[in-house]
Amino acid sequence: MSKEIPYKIYLEESEMPDSWYNVRADMKNKPAPLLNPGTGQPMTAEELGGVFCDELVKQELDNDTAYIPIPEEIRNFYKMYRPSPLVRAYCLEEKLQTPAKIYYKFEGNNTSGSHKLNSAIAQAYYAKKQGLKGVTTETGAGQWGTALSMACSYLGLDCKVYMVKVSYEQKPFRREVMRTYGASVTPSPSMDTEVGRKILEEFPGTNGSLGCAISEAVEVAVKSEGYRYVLGSVLNQVLLHQSVIGLETMAALKKYDIKPDMIIGCAGGGSNLGGLISPFMGEKLRGEADYRIIAVEPASCPSFTRGKYAYDFCDTGKVCPLAKMYTLGSGFIPAPNHAGGLRYHGMSSILSQLYDDGLMEARSVKQTDVFEAAEMFARVEGILPAPESSHAIRAAIDEALKCKETGEEKTIVFGLTGTGYFDMYAYEAFHDGKMTNYIPTDEEIAASLAKLPQV
Ligand SMILES: *Cc1c(COP(=O)(O)O)cnc(C)c1O
């Protein structure tokens, strides 16, 4: 085992990126624009400005500027927990007895426990700069809400979080972390909003869903003076902020002259994967290098592998613009036994276009296989991974095992997006042998897709 490459490749603070990279600038086929559901026309900056902060609207619509400077205040915040390490998974390689070389970029070293803080601080910063009072958002498992409440408390902004009801009840500790940072947390659907009341009337006793919580948060933002809505994934601006992950990864690899063969990430709404792969995809799009890029999603919520590339609503209440994306339909809700996060019905428009153009691959994995990988990883590498991240671990292990068969010394890089301390009910179900896999039938997916809007 060669030890020339350290266990952890750290960058100096001075080597942190000073701009985000916007992969859209290098895409020949640009991602499809958001559409106004009323008119069917692309959303204008003015229309988007009613919901989102002005500077973020600019970033959302900018398909041309390759590098967007990171304001100094945001860079200073990043320094509290960045640069994040790129770890050589020597112990996992040893365990698997594989000739593959495995690296992971670890984004769990902050209190929110995930990569989401990278975009939360950027979005809160632009809201503050615009002189707003506060922001509203939704959260599922709670990582995004936690990240946003941290960013808002740092900047002195109010933060209203609509938390998917089942998570609100199952993850009380997440909720309390958010409240520690001063956020108000409301279980969704709630009686606070028109859309929440409507959903409760139609589906009494519902567990809630991300799409429903989004509708509530948007409604509150639009109706409250001095508030805007912010979103932790899916949007172009979020992928832009998350490019800090990929830029640091590329800089760390270059330090040791390492050329990855494949880059793997889990895909919920696509922000960590989009951020990780952006600079590599940029090289691929410009014809400078080639990489295999693999998105990994749950078999119970398979937007890329079984969804349709079409315009769809981003939320259940249909108050948001339409986005063209790989989708399972905005009414799709993964089975209740699905524990592993990544439960959004759609996918980033950027990644959807790249996937449709054949520039990246996707696969789905069953949750028991995901937790098996999570446990193996925890035991040898020490970090307790988030279930979401463990989708990427699963695929990295599978690829490393293929290398073992063929004897190929491939270099695999994957994104370890966060830690799983608040997911112990899911780990418990796995350990007790009670975790099951529910994979939606073709009929269920077809029924959901039949409700796609006609555009
Ligand atoms: C939110 C989250 C994800 C999935 O979101 P993406 O936008 O697809 O990155 C993955 N891992 C962790 C730890 C998360 O919190």
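The values are calculated or read from the model by the stated rules, or taken from the named source; none is laboratory data. Model, not experiment: these values are computed from the prediction. As a convention, Cβ positions derive from the backbone with ideal geometry for all residues, glycine included, and neighbour counts pool all protein chains shown. Protein only, heavy atoms only, side chains kept; ligands, DNA and RNA dropped before computing areas. Shrake-Rupley method; radii C 1.70, N 1.55, O 1.52, S 1.80 Å.
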Along each of the three principal axes of the Cα atoms of the range 272-325, give the extent in whole Å, ordering the values from largest to smallest.
-> 43, 26, 18
Dividing the alpha-carbon radius of gyration of the range 236-328 by 2.2 N^0.38 Å (N being the number of residues), what value is obtained?
-> 1.23
Spelling it out for Phe414: with amide H atoms placed in the peptide plane at 1.01 Å from N, the residues 5 or more places away or on another chain with amide H under 5 Å from its amide H are Tyr103, Tyr104, Lys105, Ile264
Among Pro204, Ile214, Tyr256 - extreme Cα towards positive end, dipole of the range 174-326, charges at beta-carbon = Tyr256
Quickly rank 244-254, 171-181 as a protection proxy: mean count of other C-beta atoms within 10 Å, highest first.
-> 244-254, 171-181
May I ask for the distance between the Cα centers of the range 120-169 and the range 369-427, given as a whole number of Å?
-> 29
Per-peptide average of other Cβ atoms within 10 Å, ordering 182-189, 261-268, 401-408, 359-366 highest first = 261-268, 182-189, 359-366, 401-408
Viscosity 1.002 mPa s, temperature 20 °C: Stokes-Einstein D of the range 29-164 from its Kirkwood Cα radius, in µm² per second?
-> 122
Kindly point out, ordered by number, any Cys in the chain whose beta-carbon has no other cysteine beta-carbon under 4.7 Å away.
-> Cys53, Cys91, Cys212, Cys266, Cys301, Cys403
Could you pull out every residue, at least 5 positions away or on a different chain, whose amide H is within less than 5 Å of the one on Lys366? Hs are placed 1.01 Å off N in the peptide plane, and Pro or chain starts have none.
-> Ala299
With no solvent term and unit scatterers on the alpha-carbon positions of the chain, Debye gives log₁₀ I(q)/I(0) at q = 0.12 Å⁻¹ of -0.97
Enter the accessible area per residue of the chain (Å², integer; probe 1.4 Å; all protein chains in place).
-> 39
HN-Hα J couplings of the range 187-199 from phi, Karplus 6.51/-1.76/1.60, θ = phi - 60°, integer Hz, Gly and Pro as x?
-> x, 10, x, 10, 8, 5, 10, 4, 5, x, 5, 5, 5
Roughly to the nearest percent, how much of the accessible area of the chain is carbon and sulfur, given a 1.4 Å probe?
-> 50
For the range 227-241, what does the Karplus curve 6.51 cos²θ - 1.76 cosθ + 1.60, with θ = phi - 60°, yield as ³J(HN,Hα) per residue in whole Hz, taken in order and with x for Gly and Pro?
-> 10, 10, 9, 10, 10, x, 7, 6, 5, 4, 4, 5, 4, 4, 4
What residues qualify as long-range amide H neighbours of Ile293, i.e. H under 5 Å apart, gap of 5 or more or another chain, H built at 1.01 Å from N?
-> Ile263, Glu361
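According to the Kirkwood expression over distinct Cα-Cα pairs, how big is the hydrodynamic radius of the range 350-390, in Å? If you can, show how the numbers build up before the last one.
Working: mean 1/r = 0.0841 Å⁻¹.
Its Kirkwood hydrodynamic radius stands at 11.9 Å.
Going down the table (Lys198/Lys324; Lys28/Lys116; Lys116/Lys254; Lys58/Lys160; Lys101/Lys165; Lys101/Lys171), which pairs top 30 Å between alpha carbons?
Lys101/Lys165; Lys101/Lys171
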Using only the Cα atoms, work out Rg/Rh for the range 96-164, with Rh taken as the Kirkwood radius, to two decimals.
-> 1.19
What does the highest-first list of 45-52, 340-347 look like by mean Cβ count within 10 Å?
-> 340-347, 45-52
Once phi is turned into ³J(HN,Hα) by the Karplus curve 6.51 cos²θ - 1.76 cosθ + 1.60 with θ = phi - 60°, what whole-Hz value does each residue of the range 390-401 show in order, with x for glycine and proline?
-> 5, 5, 5, 4, 3, 5, 5, 5, 4, 5, 5, 5
On average over all directions, what projected area in square nanometres does the range 85-238 have, based on the convex hull of its Cα atoms?
-> 11.2
